[in-house]
């Protein structure tokens with residue numbers, strides 16, 4: 001049997017010093033899981049070996065090590081050493097409060113060529129409220145060190161729509177982000193995930209968020225970053241030309257990706273699966289099993305839905321010819337009435353063989369997406 | 001069976017006073033049904049009926065009972081619907097009997113609806129046997145209830161039976177009283193056939209099956225019959241009775257109750273109340289009391305998905321086979337497309353039909369606010385009936401509007417007179433009479449527009465009296481009132497399915513409440529949607545559904561995609577339940593909003 005080619009590899013590092021108040025990712029306080037942490041690197045390598053017979057990693061284009069907080073994981077460097085080398089992009093997520101120059105330099109030397117800082121805010125009071133353990137000065141130092149260590153491709157994550165945040169406050173945050181002159185900025189609207197301290201506080205009425213304002217902020221972000229030379233190449237992602245995150249673009253193109261580590265997700269053609277958590281993950285691998293918690297086999301119709309709503313998130317949009325070649329149907333015929341209607345509403349346009357969201361559709365993109373599922 | 005040994009009876013009771021349970025006990029006692037075969041309350045056999053605990057469709061059963069006098073009797077128990085919507089059907093069932101058990105809850109006493117049925121039974125000269133039920137309850141006051149019956153109805157209670165249908169107490173005594181007190185039928189077996197249709201049901205193999213009570217003559221298999229009111233001519237293929245299972249017989253004779261089959265395809269041919277006679281040897285006069293179905297409440301029924309129109313049509317056709325009081329005709333709404341204007345006996349009937357359409361036929365339906373039938377006299381003298389507010393002639397073209405009024409009877413403990421009067425006044429009720437039926441209970445009568453009753457009057461009545469009030473009403477005529485048409489505009493466009501006819505004095509308050517309600521029900525769209533209430537060209541209330549400003553998930557990476565797809569699928573399902581009116585998506589509930597406003 002021919003091995004399936006994997007384009008992207010995601011590695012999840014589920015350790016943090018402490019969990020942030022809005023976060024619902026799977027992560028554990030490092031101090032509570034010394035045993036798992038010590039064992040984790042070998043587990044990841046063993047997991048990769050489990051897939052070796054099925055998948056071909058020789059044409060791997062991107063690797064993304066995310067978390068959690070990869071930069072507090074003590075064996076990060078040896079992990080990087082054991083991973084295959086991607087052809088083009090190797091990203092590590094970094095916490096501005098926990099990186100050192102030496103660590104950045106070592107990673108760079110071992111082939112990591114993109115660093116993504118979870119900055120979120122430049123406002124010390126905000127950072128404290130979010131539960132993040134660094135201050136504004138640390139952010140500036142971290143970016144400076146990364147540049148010194150040889151990273152050119154640096155990204156920073158920012159968050160808006162925070163409780164009580166005003167438009168002026170967000171404009172100021174963006175000004176400071178722009179001032180760092182990094183080639184990539186992700187700006188995410190706060191999503192209140194249930195079970196997080198913030199969602200609880202909102203439920204109790206102690207905090208309040210304004211969704212309308214967050215929609216306006218999205219449009220404002222687009223404008224302010226555009227003025228600074230950034231292109232919005234995806235709903236939440238902005239970059240200088242040529243610095244788009246290839247790994248993430250692969251998700252939106254529905255390319256094959258494998259995720260390893262606790263709670264990581266994978267998608268190979270029509271097969272999606274997500275890994276186990278905690279000890280169960282470790283036990284499965286130690287017993288030689290794939291650590292899969294849940295999986296689903298998609299129908300063609302579901303793959304079509306995903307293809308459409310994922311790629312429409314990007315500025316290039318959906319290539320009509322490629323879609324037809326892949327699925328054997330013309331999207332303009334399959335969804336003719338939906339597309340006519342969305343065009344009439346000014347939410348969708350057809351441009352040079354691509355179907356794209358209009359600017360107006362960006363903050364309300366789900367209204368478009370749900371027509372195609 | 002000798003006519004002398006036949007007893008035809010029914011049970012009159014207020015909802016919850018234990019009618020169905022008592023029927024079950026009687027069936028068990030006479031051995032018609034073994035107790036282990038009893039599904040709780042056998043006579044209520046539609047799923048909906050059992051869920052709501054009310055009897056909608058009539059059932060009838062033929063029982064054999066060997067009485068203490070050593071003789072065997074044939075008892076026909078004819079069940080009656082227990083809701084005010086179905087009072088004509090009740091009257092026809094009563095007409096098939098010589099007697100009735102009057103079941104009264106020993107703790108709660110007489111209720112308005114019971115009283116209405118008692119009067120109807122007395123009109124039919126039925127022998128009434130009072131049964132004081134639930135005497136085993138701690139709060140039971142059998143003596144007090146007896147006294148009530150004597151004072152309110154003027155009925156001698158010396159023969160009253162104290163019973164508990166739950167435990168079976170009193171069942172034997174009830175059966176003995178039936179035999180002893182209820183007169184046998186008095187008909188002439190030799191006379192030409194004369195039989196009363198008091199119910200029917202539809203069987204997919206045999207067509208409509210009418211339930212009949214033979215008054216005179218004999219109904220035989222193979223006979224050619226004529227329905228005297230509808231004019232239908234029928235060939236009888238089968239005659240039988242319910243035991244409660246159907247049992248074929250050669251004939252039904254004067255005094256007997258049963259069914260016949262005649263390959264009847266159209267239920268309209270066998271309207272309840274009609275008289276069946278022999279085609280070749282007809283009886284000279286039909287039985288009195290026949291009345292064609294008169295709907296009290298009308299509403300529009302529309303498929304949410306336009307292509308379900310034919311399915312809805314088929315479903316209505318099928319339901320009508322079993323329910324002659326359902327009427328419908330196609331109508332077109334600018335907002336909702338193709339649908340049907342349906343007439344119902346009352347709101348409960350409407351709810352039942354809607355639920356059956358959705359449940360049994362899997363239809364996703366839109367239902368417009370119920371309306372009554374208005375009578376409009378136009379300036380050219382023409383009088384038109386308007387059952388759809390959209391069709392109300394222009395103010396310039398009409399001389400006046402009349403609306404149906406009911407005479408409502410409300411029974412309530414005296415402490416609640418205040419709230420009742422307040423409610424009735426608010427609903428444009430005109431006070432008629434107040435009578436103390438016991439030192440603590442009063443009976444109030446009001447004349448109230450039917451349109452004010454059909455919405456939430458009963459619920460309000462219950463909630464303002466801690467559930468103690470009971471209501472009965474009957475239509476008594478039309479009265480001229482000052483009515484106007486209230487238009488609702490969504491996104492500057494009048495939505496025909498949302499307009500309503502209201503009293504002029506209430507137009508402003510209703511209009512305001514309605515647009516506020518609609519604002520809360522209509523989800524935010526991609527643009528501002530103004531919602532206005534207008535009288536003619538004059539806007540009297542306005543609200544705006546503000547444009548949606550954010551509806552997108554910020555993050556969508558490897559682990560989020562499945563969840564994201566499912567969220568979008570859910571969102572799409574939500575949209576499916578909405579109706580596209582112009583460029584605005586309006587949810588189903590919005591069309592019923594007028595019902596929910598204070």
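Details
- Using alpha-carbon coordinates, inclination of helix B:347-361 to the longest axis of chain B, degrees: 80
- The alpha carbon convex hull volume per residue for region A:148-266 rounds to 154 Å³.
- Choice from A:34, A:352, A:113 showing the highest fluctuation, given a GNM over chain A with Cα pairs closer than 10 Å: A:352
- Region A:191-229-region B:464-499 distance, computed between alpha-carbon centres (Å): 44
- With Rh defined as the Kirkwood radius, the inverse of the mean 1/r over Cα pairs, the Rg/Rh of the protein assembly as shown is 1.11.
- Compactness relative to 2.2 N^0.38 Å, alpha carbon Rg of chain A: 1.00
- Burial ordering of A:337, B:253, B:583, fewest other beta-carbon atoms within 10 Å first: A:337, B:583, B:253
- Mean Cα-pair separation over length for region A:4-251, i.e. relative contact order, pairs under 8 Å, 6 or more apart, %: 18
- Here the Gaussian network model covers chain A, with springs between Cα atoms less than 10 Å apart; of A:266, A:294, A:121, A:294 fluctuates the most.
- Separation of alpha-carbon centers, region B:235-308 and region B:87-146, rounded to whole Å: 27
- Cα-based helix-to-principal-axis angle, B:417-426 vs chain B, degrees rounded to 10: 50
- Antiparallel DSSP beta bridges within region A:4-251, as percent of all bridges there, nearest 5: 15
- Mean Cβ neighbour count within 10 Å, used as a protection proxy, ranking B:257-263, B:376-382 highest first: B:257-263, B:376-382
- Alpha-carbon Rg/Rh ratio, for region A:301-372, with Rh computed the Kirkwood way: 0.91
- Counting Cβ atoms of other protein chains within 10 Å of each Cβ in B:569-576 and taking the mean gives 3.
- The angle between the Cα long axis of helix B:19-29 and the main principal axis of chain B comes to about 40°, on a 0 to 90 degree scale.
- Sorting A:345, B:483 by the number of Cβ atoms found within 10 Å of their own Cβ, with the fewest placed first, yields A:345, B:483.
- Residue among A:35, A:200, A:93 with the largest mean-square fluctuation in a Gaussian network model of chain A, springs linking Cα atoms under 10 Å: A:35
- Antiparallel %, DSSP beta bridges [both residues in the protein assembly as shown], to 5: 70
- C-alpha center-to-center spacing [region B:548-579, region B:156-216] in angstrom: 60
All of the numbers you see were taken from the coordinates with simple rules; none came from a lab. Keep in mind the model is a prediction, meaning the values are calculated, not measured. Neighbour counts are summed over all protein chains in view; Cβ atoms, including those assigned to glycine, are modelled from backbone coordinates with ideal geometry.
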